[in-house]
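The values are calculated or read from the model by the stated rules, or taken from the named source; none is laboratory data. Everything numeric here is computed off the predicted structure, so don't read it as measured data. We place every Cβ from the backbone using ideal geometry, glycine too, and count neighbours over all the protein chains shown. To get the accessible areas, we keep the full protein, side chains included, count just its heavy atoms, and leave off ligands, DNA and RNA. Shrake-Rupley method; radii C 1.70, N 1.55, O 1.52, S 1.80 Å.
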Amino acid sequence: MPEHEAAGSPGTPTHAVRDFLRRRREQIAQRWADEPLFRTVFTVSRDEAVEAGKVVVDALAQVADAQRVEDPDAAGFTGVREQLARMGAARSRAGLSTTQVSSELAALLPPVDNLLVADLEGEPPERLRECTTTLSVLLGTLRLVAMQTALSEVQALIDRQRLQLLEVATPVIKLWDGIVAVPLIGTLDSARSQGVMETLLNAVVDQHARFAILDITGVPTVDSLVAQHLMKTVAAARLMGAECVVSGIRPAIAQTIVHLGLDLGTVKTRASLADALGYCLHELGANIVNVTPDGAGHR
């Protein structure tokens, strides 16, 4: 008989494990409901935990039926990934580390293994060993799937928080009708510089701004890529009909721009945000009055 046919025969360890899982579905789910992973996640009722356990058992049986006990991408795991993600997230919110969640997943094997050994009582030792090994591999793959899913959820959360931080870190302030400003603080990298460009250009459109002030007083230094991004931001704002004024250039940043040979001849620069705002107001035809103790005077 060809090898692939032998692997699919009812007597193979994988199919023996499949039949065991289907036969003992209720008992396995009942035992899992008492394990910390299920008990602490499904707190509404024990029946809820039991039903969740049955879903996982069904998935394992499907994977065993497909002879893919070592494959975390097996189709049988698709239906439980979302549930595993919710369970992992719940345990993480409870303060457990990834290692502790992994340990709780590993604790699902002994109750099932004990049932399998009792179920195969009287079988030859070699047969018992093959079946328990197959079950161990299958539960190990489930553990891997759960951890992969949990890590994906964590990464997605990190990405969302990173975007939120970028939005907070690049606020757009309307200083006057037709004047917007983006005060930057902290280190700039290429990703954040790209975000600054998008934020500023969107503000130019939304506010119908004629002037956009890019204040980098709070930026200690920039590298060559960031400096080029800033220049592109100025050029892009000009293409959209707004004049971009760069204020607060520190000596170190000025030296970087000079060393890079970037031409700032067409870029308006001012020493401070106040100076940049004064320039924009003057260009708009507004009179700036400087109030002194002796009275008011035009500036």
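Being in contact (Cβ under 8 Å) with a residue 24 or more places away in the chain, closer than 14 Å to Val196 by Cα and part of a helix (DSSP H, G or I) is the filter here; which residues of the stretch 219-236 pass it?
Leu225, Val226, Ala227, Gln228, His229, Leu230, Met231, Lys232, Thr233, Val234, Ala236 - these are the residues of the stretch 219-236 that are in contact (Cβ under 8 Å) with a residue 24 or more places away in the chain, closer than 14 Å to Val196 by Cα and part of a helix (DSSP H, G or I).
Against the conditions (1) outside any helix (DSSP H, G or I); (2) open to solvent by less than 50 Å² (accessible area, probe 1.4 Å), where does Gly95 fall short? Just the number, please.
That leaves (2) as the condition not met.
Please name all residue pairs, on different chains or six or more residues apart, with Cβ atoms under 6 Å, provided the first residue is in the stretch 28-49 and is under 16 Å from Arg93 (Cβ atoms) and the second residue is among the acidic types (Asp, Glu).
Hits for this filter: Pro36/Glu104; Leu37/Glu104; Phe42/Glu48.
Within the set of pairs 6 or more residues apart or between chains, which connect a residue that is without any contact (Cβ under 8 Å) to a residue 40 or more places away in the chain inside the stretch 114-137 to a residue that is among the β-branched types (Val, Ile, Thr) and buried (at least 16 other Cβ atoms within 10 Å of the Cβ) with Cβ atoms less than 7 Å apart?
The qualifying pairs are Val117/Thr132.
Being of a type in the set (Gly, Ala, Ser), within 15 Å of Lys268 (Cα to Cα), open to solvent by less than 10 Å² (accessible area, probe 1.4 Å) and not in a strand (DSSP E or B): is that true of Ala181 here?
The answer is no for Ala181.
State the number of residues belonging to the stretch 237-249 that are part of a helix (DSSP H, G or I), in contact with a strand residue (DSSP E or B) (Cβ under 9 Å, 6 or more places away or on another chain) and open to solvent by 20 Å² or more (accessible area, probe 1.4 Å).
Summing the residues that are part of a helix (DSSP H, G or I), in contact with a strand residue (DSSP E or B) (Cβ under 9 Å, 6 or more places away or on another chain) and open to solvent by 20 Å² or more (accessible area, probe 1.4 Å) in the stretch 237-249 gives 1.
Has the stretch 255-267 got at least one residue that is within 23 Å of Ala286 (Cα to Cα) and at pLDDT below 90?
Yes, there is a match, as at least one residue in the stretch 255-267 is within 23 Å of Ala286 (Cα to Cα) and at pLDDT below 90.
Just to check your reading of the model, which residue among Leu116, Leu84, Leu184, Leu151 is of a type in the set (A, V, I, L, M) and not assigned by the TED database to the domain that holds Arg23?
Leu184
Name the single residue that is surrounded by the fewest Cβ atoms within 10 Å (Cβ to Cβ) among those in the stretch 194-233 being among the charged types (D, E, K, R) and within 16 Å of Ile173 (Cα to Cα).
So the residue we want is Asp206.
Collect the residues in the stretch 257-293 that are part of a helix (DSSP H, G or I) and in contact with a helix residue (DSSP H, G or I) (Cβ under 6 Å, 6 or more places away or on another chain), keeping them in residue-number order.
Ile257, Leu260
Against the condition more than 25 Å from Gly265 (Cα to Cα), in contact (Cβ under 8 Å) with a residue 24 or more places away in the chain and among the small types (Gly, Ala, Ser), how does Ala212 come out, does it pass?
no
Out of all the residues in the stretch 17-46, which are open to solvent by 20 Å² or more (accessible area, probe 1.4 Å), touching an Asp or Glu at 6+ places or on another chain (Cβ under 9 Å) and either modelled with pLDDT of 95 or more or more than 20 Å from Ser103 (Cα to Cα) (or both)?
Arg18, Arg22, Arg23, Arg24, Arg25, Arg46 - these are the residues of the stretch 17-46 that are open to solvent by 20 Å² or more (accessible area, probe 1.4 Å), touching an Asp or Glu at 6+ places or on another chain (Cβ under 9 Å) and either modelled with pLDDT of 95 or more or more than 20 Å from Ser103 (Cα to Cα) (or both).
Is it the case, given these coordinates, that Leu175 is in a helix (DSSP H, G or I), within 23 Å of Ser272 (Cα to Cα) and either at pLDDT 85 or above or not assigned by the TED database to the domain that holds Leu277 (or both)?
So Leu175 does not fit the description; no.
From the list Ala59, Ala74, Ala49, which one is within 24 Å of Thr12 (Cβ to Cβ), touching a Lys or Arg at 6+ places or on another chain (Cβ under 7 Å) and open to solvent by less than 20 Å² (accessible area, probe 1.4 Å)?
The match here is Ala74.
I need the full set of residues from the stretch 98-113 which are under 17 Å from Gln27 (Cβ atoms), in contact (Cβ under 8 Å) with a residue 40 or more places away in the chain and either part of a helix (DSSP H, G or I) or open to solvent by 40 Å² or more (accessible area, probe 1.4 Å) (or both), in order please.
The answer is Pro111, Val112.
Hey, could you check the stretch 118-137 for residues that are among the hydrophobic types (A, V, I, L, M, F, W, C) and part of a helix (DSSP H, G or I) and say which is surrounded by the most Cβ atoms within 10 Å (Cβ to Cβ)?
My answer is Leu135.
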